[in-house]
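These notes are about the structure you will find just below.
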Amino acid sequence: MPPNLTGYYRFVSQENMDNYLRALDINVVLRKLVCLLKPDKEIIHTGDHMVIRTITSLRDYVMDFDVGVQFEEDLGPVDGRKCQTTVSWEGDQLVCEQLGEKRNRGWRHWLEGDQLHL
């Protein structure tokens, strides 16, 4: 059974973020901005329904979805894309796959102790 990720997670650190964003073909201005932000995460996890709120000093971003069900995600505020997104479990990791104009997009969340990793 996957873990329940409900909680508020404070930003601790980031490693290699600029290179990660470069590999995703994010433009240099947005990369520099993202590397300055220190986002916290608030997750509400009830059964197969999740709300993940990314909280920054600039703006918040909310994902509201059912695990395993594809939905249209509007990433306009982030990088101008719309995509078809599916979030599912792979073992104890929450895995997001984004299908759209840019290939190989998505993320993973997992817990190590009381720390959330992305």
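Under 9 Å between Cβ atoms, at least 6 apart or on separate chains: pull out the pairs that start in the stretch 88-104 with a residue that is more than 19 Å from residue 64 (Cα to Cα) and end on any residue that is open to solvent by 100 Å² or more (accessible area, probe 1.4 Å) and assigned to a strand (DSSP E or B).
As it stands, the answer is 101/82, since those pairs meet every condition given.
Restricting to the stretch 75-103, give me the number of residues that are under 14 Å from the mean Cα position of the chain (by Cα) and open to solvent by 80 Å² or more (accessible area, probe 1.4 Å).
Total satisfying the criteria: 1.
So in the stretch 104-117, with the set limited to residues that are in a loop (DSSP other than H, G, I, E, B) and at pLDDT 90 or above, which one is most open to solvent (accessible area, probe 1.4 Å)?
Looking at the filtered set, the residue picked out is 114.
Based on this model, can you work out whether residue 74 counts as out of contact with any Phe, Trp or Tyr (no Cβ under 8 Å at 6 or more places or on another chain) and either in a helix (DSSP H, G or I) or within 16 Å of residue 109 (Cβ to Cβ) (or both)?
Spelling it out, it is not the case that residue 74 is out of contact with any Phe, Trp or Tyr (no Cβ under 8 Å at 6 or more places or on another chain) and either in a helix (DSSP H, G or I) or within 16 Å of residue 109 (Cβ to Cβ) (or both).
Of the residues 48, 25, 40, 64, which is open to solvent by 80 Å² or more (accessible area, probe 1.4 Å), in contact (Cβ under 8 Å) with a residue 24 or more places away in the chain and either in contact with a helix residue (DSSP H, G or I) (Cβ under 9 Å, 6 or more places away or on another chain) or of a type outside the set (Ser, Thr, Tyr) (or both)?
25
Which numbered condition trips up residue 34, out of (1) part of a strand (DSSP E or B); (2) surrounded by 14 or more Cβ atoms within 10 Å (Cβ to Cβ)?
(1)
Criterion first (at pLDDT below 95 and among the hydrophobic types (A, V, I, L, M, F, W, C)) does residue 51 satisfy it?
It is false that residue 51 is at pLDDT below 95 and among the hydrophobic types (A, V, I, L, M, F, W, C).
Mind checking whether some residue in the stretch 1-21 is open to solvent by 40 Å² or more (accessible area, probe 1.4 Å), within 23 Å of residue 112 (Cβ to Cβ), small (Gly, Ala, Ser) and in a loop (DSSP other than H, G, I, E, B)?
Yes, because at least one residue in the stretch 1-21 is open to solvent by 40 Å² or more (accessible area, probe 1.4 Å), within 23 Å of residue 112 (Cβ to Cβ), small (Gly, Ala, Ser) and in a loop (DSSP other than H, G, I, E, B).
The values are calculated or read from the model by the stated rules, or taken from the named source; none is laboratory data. All values derive from a computational prediction rather than experimental measurement. A quick note on method: Cβ atoms are made from the backbone with ideal geometry, for glycine too, and the neighbour counts reach across all protein chains shown. SASA here: full protein model, heavy atoms, side chains in, ligands and nucleic acids out. Shrake-Rupley method; radii C 1.70, N 1.55, O 1.52, S 1.80 Å.
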